[in-house]
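Undergrad: Could you have a look at this structure, given as C-alpha cells, before my questions?
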Amino acid sequence: MSFETADAAETAFYAAFESLDLTTMDSLWAPSAICVHPGGPLLGGHDAVQQSWAEIFASADPPRIEFEVLHRTVSAELAVHVVEERIYANRSTSSKPAPVLATNTYVRRDGTWQMVAHHASLPLLRSAARREAAQLH
C-alpha cells in the first residue's frame with residue numbers, strides 16, 4: 001500500500017484502527033518504527049509494534065475514533081502531527097470518548113509515506129477548582 005502524503009497515511013492509520021484492520025496497519029509502519037501506547041512501554045521495531053496492534057485488535061470491539069490535528073510540521077521527507085484522539089469503546093453514540101493526545105511521525109521513503117513513530121498518552125486532567133483558578137478573567 002502506498003501513501004502520497006502524510007495526511008493520507010494518517011487517515012489510513014485511523015481507518016485501520018477503527019476497523020481493526022491488521023493488514024492495513026502493517027503496511028503503514030516503517031521497519032525502524034517505535035510506538036508507545038497510553039501507559040505502555042516503548043516498543044521498537046516493526047515486529048514489536050505490529051504484535052502490539054495484533055494484541056489490541058484481538059481483544060477489542062471495533063471502536064469509533066475521531067481525531068483532530070492540533071499541530072502539523074511538514075518537510076519534504078518528514079511530517080510530525082500532534083493529534084487529539086477521541087476513542088469511543090464501541091460504535092454506540094451514547095458511549096463517552098477516552099481523550100488521548102498523540103504525536104504521529106511520518107517519513108517519506110521510496111515515494112511513500114510511512115509511520116515511524118506513534119506516541120500516545122492520556123492528557124492530564126485538572127480539577128475544576130484549578131481550572132477556575134487558572135482563568136484570569
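The values are calculated or read from the model by the stated rules, or taken from the named source; none is laboratory data. Here the structure is a predicted model, which is why all the values come from computation and not from measurement. Note that each Cβ is placed from the backbone with ideal geometry, even for glycine, and that neighbours are counted across all protein chains shown.
Undergrad: Going residue by residue through the stretch 9-26, is there one that turns out to be touching a Pro at 6+ places or on another chain (Cβ under 7 Å) and of a type outside the set (D, E, K, R)?
TA: Looking through the stretch 9-26, at least one residue is touching a Pro at 6+ places or on another chain (Cβ under 7 Å) and of a type outside the set (D, E, K, R).
Undergrad: Now, a different point. Return the total of residues in the stretch 79-108 being assigned to a strand (DSSP E or B) and either out of contact with any Leu (no Cβ under 9 Å at 6 or more places or on another chain) or β-branched (Val, Ile, Thr) (or both).
TA: Summing the residues that are assigned to a strand (DSSP E or B) and either out of contact with any Leu (no Cβ under 9 Å at 6 or more places or on another chain) or β-branched (Val, Ile, Thr) (or both) in the stretch 79-108 gives 14.
Undergrad: Looking only at the stretch 92-108, filter to residues that are modelled with pLDDT under 95 and out of contact with any Lys or Arg (no Cβ under 9 Å at 6 or more places or on another chain); which one of those is surrounded by the most Cβ atoms within 10 Å (Cβ to Cβ)?
TA: LYS96
Undergrad: Which one of these is under 14 Å from the mean Cα position of the chain (by Cα) and under 16 Å from TYR106 (Cα atoms): ALA30, ALA6, ALA15?
TA: Details: ALA30 fails: under 14 Å from the mean Cα position of the chain (by Cα); ALA15 fails: under 16 Å from TYR106 (Cα atoms).
Matching residue, one of ALA30, ALA6, ALA15: ALA6.
Undergrad: In addition: Looking only at the stretch 29-44, which residues are under 23 Å from MET1 (Cβ atoms) and either of a type outside the set (A, V, I, L, M) or without any contact (Cβ under 8 Å) to a residue 40 or more places away in the chain (or both)?
TA: Answer for the stretch 29-44, where residues must be under 23 Å from MET1 (Cβ atoms) and either of a type outside the set (A, V, I, L, M) or without any contact (Cβ under 8 Å) to a residue 40 or more places away in the chain (or both): TRP29, PRO31, SER32, CYS35, HIS37, LEU43, GLY44.
Undergrad: How many residues, within the stretch 28-47, are among the hydroxyl-bearing types (Ser, Thr, Tyr) and buried (at least 17 other Cβ atoms within 10 Å of the Cβ)?
TA: 0
Undergrad: What residue, among those in the stretch 6-38 that are in contact with a Ser or Thr (Cβ under 9 Å, 6 or more places away or on another chain) and part of a loop (DSSP other than H, G, I, E, B), is farthest from LEU78 (Cα to Cα)?
TA: Ranking the qualifying residues of the stretch 6-38, first place goes to PRO38.
Undergrad: If you don't mind, there's one more thing I want to ask. One residue is enough: does the stretch 57-80 have a residue meeting the conditions closer than 13 Å to HIS119 by Cβ and modelled with pLDDT of 95 or more?
TA: So far as the stretch 57-80 goes, yes, one or more of its residues are closer than 13 Å to HIS119 by Cβ and modelled with pLDDT of 95 or more.
Undergrad: Which residues, counting only those in the stretch 49-78, are free of Cβ contacts under 8 Å to residues at least 12 places away in the same chain and part of a helix (DSSP H, G or I)? Walk me through how you get there before you give the answer.
TA: Quick first cut of the stretch 49-78, residues free of Cβ contacts under 8 Å to residues at least 12 places away in the same chain only: 51, 55, 58-59, 71-73, 75.
The answer is GLN51, GLU55, ALA58.
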